[in-house]
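A short write-up of the structure that comes next.
The values are calculated or read from the model by the stated rules, or taken from the named source; none is laboratory data. All of these numbers come straight from a predicted model, not from anything done at the bench. Counting neighbours? That spans all protein chains shown, and the Cβs are built from the backbone with ideal geometry, glycine included.
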Ligand code: TXA
Ligand code: MG
């Protein structure tokens with residue numbers, strides 16, 4: 001398939017991208033969280049192209065993207081009080097609401113569930129594109145299934161050139177991890193996937209909220225998690241990732257020891273850590289000052305490991321602030337839950 005790469009954003013190119021959707025095609029587009037791969041939510045054949053392009057299991061539903069709060073009712077048949085409060089407080093922004101779906105949203109989008117994920121991205125290009133398409137846009141992250149989500153246009157081109165009809169190249173994603181998924185169909189809002197809108201944010205607005213128990217632990221084979229995506233491999237580079245978690249002094253010592261060991265075994269080693277010291281690794285990437293920076297560079301760093309043929313990678317986890325849960329959730333998954341606890345937290 002020939003992919004049209006759209007580098008200039010103007011009325012003409014947005015019209016073109018909208019037309020690709022109207023003609024049943026699939027288009028990758030930027031958002032403030034990660035890039036998405038979109039199709040008309042009403043077009044089952046187009047939605048199936050997304051599953052195929054990503055190699056995504058068909059029982060993992062897609063989020064439906066709209067350009068304005070006014071359109072929520074087109075996708076959802078009920079808008080509970082907590083949903084209204086969250087939309088008032090944070091829309092457009094990096095969160096997705098799980099709501100009862102309208103019958104017009106096909107089962108292919110929701111993987112047979114009676115609910116639908118609804119998201120209004122803050123990114124202007126995303127909203128211009130959705131408006132140009134004139135329909136709600138069903139879209140997962142624009143990566144090959146199992147790989148780190150794309151936060152830069154070059155990541156999308158790497159994964160989707162030849163698989164998508166068009167790719168809109170926008171800015172690097174500002175948040176860098178996917179939207180917070182909040183189930184508002186019950187009494188208390190439940191966070192199914194942590195992200196830029198935090199548990200504290202939701203509590204402040206709704207009075208109460210909880211985090212689903214599967215967010216940080218692996219899901220066992222026969223379990224049916226509330227968020228189907230929880231049971232699949234995620235964010236995994238080819239490099240073998242291990243998380244080193246604990247207080248700073250202990251994590252540093254442990255990483256130094258492990259890098260030496262891996263070097264002695266002839267392996268190429270990558271380290272992603274909060275330190276300025278490079279640990280003598282073949283590729284060292286700094287996490288930045290806080291979890292906002294860490295979230296922002298994480299997926300790019302995981303892709304850098306592969307670009308640099310890294311065999312084993314160590315990721316330090318020693319910071320805690322409001323984004324801790326979002327970062328931990330991604331880092332644990334990228335490591336397939338291989339975690340070494342050191343020092344006080346052990
Ligand atoms: O930030 C984001 O949410 C990005 C951008 C492109 O908007 N999208 C994204 O989509 O991360 P995806 O497909 O990579 O992740 C969607 C997650 C999956 O884990 C899926 O199982 C879950 O949302 N999901 C979708 N619909 C659901 C539903 N009705 N109930 C529970 N979970 C749902
Ligand atoms: Mg994804």
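Just name the residue that is surrounded by the fewest Cβ atoms within 10 Å (Cβ to Cβ) out of those in the range 22-41 that are under 23 Å from the mean Cα position of the chain (by Cα) and over 30 Å from residue 298 (Cβ atoms).
25
Checking the condition buried (at least 22 other Cβ atoms within 10 Å of the Cβ) and at pLDDT 95 or above, which residue from 283, 302, 258 passes?
Only one candidate qualifies: 302.
Please go through the range 51-90 and give me each residue that is within 22 Å of residue 133 (Cα to Cα) and either under 18 Å from the mean Cα position of the chain (by Cα) or modelled with pLDDT under 95 (or both), ordered by number.
51, 53, 54, 61, 62, 63, 64, 65, 66
In the set 132, 138, which member is outside any loop (DSSP other than H, G, I, E, B), touching a residue at least 12 places away in the same chain (Cβ under 8 Å), over 20 Å from residue 323 (Cβ atoms) and within 16 Å of ligand 2 (Cβ to nearest atom)?
Within the list 132, 138, the selection yields 138.
Look through 208, 222, 214 and report the one residue that is more than 20 Å from the chain's Cα centre (by Cα), at pLDDT below 95 and closer than 30 Å to residue 76 by Cα.
When all the criteria are applied, what remains is 222.
Find the strands (runs of 3 or more DSSP E) located wholly in the range 235-346 whose residues include 3 or more that are closer than 23 Å to residue 216 by Cα, in contact (Cβ under 8 Å) with a residue 60 or more places away in the chain and in contact with a helix residue (DSSP H, G or I) (Cβ under 9 Å, 6 or more places away or on another chain), and list them.
In the range 235-346, the matching strands (runs of 3 or more DSSP E) lie at 240-246, 312-317, 339-342.
How many residues are away from ligand 1 (no atom under 11 Å from the Cβ) and within 16 Å of the chain's Cα centre (by Cα) if we restrict to the range 128-145?
Matching residues across the range 128-145 total 1.
When you go through 196, 170, 186, 176 one by one, which is the residue that is surrounded by fewer than 18 Cβ atoms within 10 Å (Cβ to Cβ) and either within 13 Å of ligand 1 (Cβ to nearest atom) or assigned to a loop (DSSP other than H, G, I, E, B) (or both)?
On inspection, the qualifying residue turns out to be 186.
For the range 101-115, does any single residue satisfy the condition of being surrounded by 24 or more Cβ atoms within 10 Å (Cβ to Cβ), within 19 Å of residue 205 (Cα to Cα) and within 16 Å of ligand 2 (Cβ to nearest atom)?
No, every residue in the range 101-115 fails to be surrounded by 24 or more Cβ atoms within 10 Å (Cβ to Cβ), within 19 Å of residue 205 (Cα to Cα) and within 16 Å of ligand 2 (Cβ to nearest atom).
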